[in-house]
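Undergrad: This is the structure I have questions about; it appears just below.
Read the figures in this text as sums done on the coordinates, not as results from a lab. This is a predicted model, so every value here is computed, not measured. Please note: Cβ atoms are built from the backbone with ideal geometry, for glycine as well, and neighbour counts cover all protein chains shown.
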Ligand SMILES: O=C(CO)COP(=O)(O)O
């Protein structure tokens, strides 16, 4: 079992465009109860949810009022702080809603909204400016995989995303091969480990060995309760960024409690 005292495992649920603010309240309450009833140690494995923007205030109010041991964050952030940017969401506003994390550079932003490496880098800088932990997503397409192998594109994407970062207080990286997202065809743990190790090398080159050693690198792309334990056995994989399965409370709870699947 991969237990690195400097890197608390993180299981994150990216809800994407699902659950309105009322559904979010019920979901978060049930998820917290489910995990508490199962005796989950939230200090041993951190749990974070990433609702749509419209749900964040409701999630914040519930988490705060009930002192739920769940982290939460947004699925994107503007590179700007304020002004004439219709539809954008400022990192300052997310910080006011007590968001701890923000997903940046998800492949659905890169492909569906033509988000460039430069835009991703600017968003990372904005997140850090507002004391949000950027969860930087990188991953190759099926074409990239065929031509360049698994690591080349994620490594280049992470290097570009960190262009404006000097001494990151805390970042998280998520390796999400585009071809594995929503396909039911996850990467192998060996591939995830290969790429995660290469990404940790980029962190060491760019931000120093200390940051590299403490930065959590997640795998995402068709993570399920049946495959999470194998990913978590890999030394450079520190958690998962879960999409579809994060919307099913028993399934997501089982993913969070992956250690029960593993012979410690
Ligand atoms: O995009 C993802 C998480 O950000 C992964 O989605 P799936 O878990 O549905 O493949």
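Undergrad: When Rg is the radius of gyration of the Cα atoms in the stretch 110-191 and Rh is its Kirkwood radius, what does Rg/Rh come to? All intermediate terms of the calculation are to be shown ahead of the outcome.
TA: Details: Rg = 13.5 Å, Rh = 13.5 Å.
Ratio value, two decimals: 0.99.
Undergrad: Of the residues 53, 72, 252, which exhibits the maximal mean-square fluctuation in a Gaussian network model of the chain defined by a 10 Å Cα contact cut-off?
TA: Per the Cα network of the chain with a 10 Å cutoff, 53 tops the list.
Undergrad: Ranked by Cβ crowding within 10 angstrom, fewest neighbours first, how are 108, 251, 88 ordered?
TA: Fewest to most other Cβ atoms nearby, the residues stand as 88, 251, 108.
Undergrad: Given Cα positions, please report Rg to Rh for the stretch 126-171, the hydrodynamic radius being the Kirkwood one.
TA: 1.09
Undergrad: Given 10 °C and 1.306 mPa s, how large is the Stokes-Einstein diffusion coefficient of the stretch 156-241 in µm²/s, with Rh as the Kirkwood radius over Cα pairs? Each step should come with its number before you reach the end.
TA: On the way: Rh = 13.1 Å.
Rounded to a whole number, D works out at 121 µm²/s.
Undergrad: How much length is gained on full extension from residue 25 to residue 97, taking 0.36 nm per residue of separation minus their Cα-Cα distance?
TA: On the way: separation 72, 0.36 × 72 = 25.92 nm, distance 1.51 nm.
Gain on extension, residue 25 to residue 97, equals 24.4 nm.
Undergrad: Quick one: among 65, 240, 79, which has the greatest mean-square fluctuation in a GNM of the chain with alpha-carbon springs under 10 angstrom?
TA: Top of the fluctuation ranking is 65.
Undergrad: Moving to a separate point now. Any idea what log10 I(q)/I(0) is at q = 0.12, 0.13 Å⁻¹ for the chain, Debye with uniform C-alpha scatterers and no solvent?
TA: Debye intensities relative to I(0), on a log10 scale: -0.66, -0.78.
Undergrad: Among 241, 22, 145, which one moves the most in a GNM of the chain with springs linking Cα atoms closer than 10 Å?
TA: Highest fluctuation of the listed residues: 22.
Undergrad: Quick one: if the Förster radius is 41 Å, what FRET efficiency do residue 42 and residue 118 give, using the C-beta to C-beta distance and rounding to 0.05?
TA: Calculated value: 0.65.
Undergrad: Go ahead and estimate [θ] at 222 nm for the chain from helices alone: -39,500 (n - 2.57) per DSSP H run with n ≥ 4, summed, over the residue count, rounded to 500.
TA: Mean residue ellipticity, 222 nm, calculated: -12000 deg cm²/dmol.
Undergrad: Can you put 7, 233 in order of Cβ neighbours within 10 angstrom, beginning with the fewest?
TA: Listed from fewest to most nearby Cβ atoms, that is 233, 7.
Undergrad: Still on this model: Need the C-alpha centroid separation for the stretch 161-238 versus the stretch 1-75, integer Å.
TA: Going from one Cα centre to the other spans 20 Å.
Undergrad: Moving on to the next point. Quick one: order 181, 249, 103 by neighbouring beta-carbon count within 10 Å, fewest to most.
TA: Final ranking by Cβ density, sparse to dense: 249, 181, 103.
Undergrad: Further question: Could you work out the Kirkwood radius for the stretch 66-167, taking every pair of different alpha carbons, averaging 1/r and inverting it, reported in Å? Walk me through the numbers before you get to the answer.
TA: Numbers: mean 1/r = 0.0696 Å⁻¹.
Every distinct Cα pair counted, the radius reaches 14.4 Å.
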